[in-house]
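Student: I'd like to ask some things about the structure below.
The values are calculated or read from the model by the stated rules, or taken from the named source; none is laboratory data. These numbers were taken from a predicted model, which means no experiment stands behind them. Here the Cβ positions follow ideal geometry from the backbone for every residue, glycine too, while neighbour counts run over all protein chains shown.
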Amino acid sequence: MHNVGHPASGVRPLVLFGGTFDPVHRAHISAARAVSRVLDGAPVHLLPNAVPPHRPQPLASGEQRLRMLELACAEHPHLHPDGWELAQPGPSYSLATLQHFRDQHPNRPLVFMIGADSFASLHQWHQWRDYTALCHLAVVPRPDSPLADDAVLEAFPETDAQGLAQQPCGLRLMLKRPFLDVSATAIRQALAEKGRCPALDDAVITHIHRHDLYNVAKLTPFNQS
């Protein structure tokens, strides 16, 4: 692990938000914007997984998922689609991604966005304690998520946005909202049945139809009006 020092004065944290983004939806963007806003306009890198190690494989290609991210983030200057994981061989492990960005930014506060449901199971992750030496956590609430394990709460003491910026890693920021309660499976089902879904940006829906993603070709021609 890289030894980290104190962050330079005035340097905003760098936020990492990983996921399949299959497809990216409004709750993803809302959560990323909320974290950026709380952290005084910190940049958020949204990284689609190439091969998620513990989830079914994405239906859309990495290239298509990255393009949908670019469309969804186009009007949000603090959000940055990032294809780094897509360019790596093998499964997309968070630790490897965090180590890469830590090597690139040795002393900068590095913030890993995580849903409250994942935070509750963090103590079951492989080498989870190594995260404390690599990043802070920004925990995004989800409805009815269980409480996190005491060991995780102790390993990542809670702080506020100002405290997060004072050291490179090892703390936790608990967001109040928004809830990440949108199901990608339900979105894909709605697309296959109706060709539309209010949880998706219009530009993303247009792209899905243009490239026949998620089994929309069987529908009547897409009406963009």
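Student: Does Gln224 qualify as being assigned to a loop (DSSP other than H, G, I, E, B), surrounded by fewer than 17 Cβ atoms within 10 Å (Cβ to Cβ) and either modelled with pLDDT under 95 or charged (D, E, K, R) (or both)?
Tutor: yes
Student: Looking at segment 26-44, which of its residues are touching a residue at least 40 places away in the same chain (Cβ under 8 Å), under 21 Å from Ser94 (Cβ atoms) and not β-branched (Val, Ile, Thr)?
Tutor: If the condition is that a residue be touching a residue at least 40 places away in the same chain (Cβ under 8 Å), under 21 Å from Ser94 (Cβ atoms) and not β-branched (Val, Ile, Thr), then Ala27, His28, Ala31, Ala32, Ala34, Ser36, Leu39, Ala42 are the ones that fit.
Student: Scan segment 49-61 and report the pairs whose first residue is surrounded by 11 or more Cβ atoms within 10 Å (Cβ to Cβ) and whose second residue is among the aromatic types (Phe, Trp, Tyr) and modelled with pLDDT of 85 or more, with Cβ atoms within less than 7 Å and a gap of 6+ or a chain change.
Tutor: Between residues of segment 49-61 that are surrounded by 11 or more Cβ atoms within 10 Å (Cβ to Cβ) and residues that are among the aromatic types (Phe, Trp, Tyr) and modelled with pLDDT of 85 or more, the close pairs are Pro53/Tyr93; Leu59/Tyr214.
Student: Under the condition of being under 23 Å from Leu191 (Cβ atoms) and among the small types (Gly, Ala, Ser), which residue from segment 19-48 is surrounded by the fewest Cβ atoms within 10 Å (Cβ to Cβ)?
Tutor: Ser30
Student: Would you point out the residue of segment 176-221, among those that are farther than 30 Å from Asp160 by Cα and of a type in the set (Lys, Arg), that is modelled with the lowest pLDDT?
Tutor: Among those residues, the one meeting the criterion is Lys218.
Student: Looking at segment 153-175, is at least one residue modelled with pLDDT of 90 or more, under 30 Å from His105 (Cβ atoms), hydrophobic (A, V, I, L, M, F, W, C) and over 20 Å from the mean Cα position of the chain (by Cα)?
Tutor: Yes: one or more hits.
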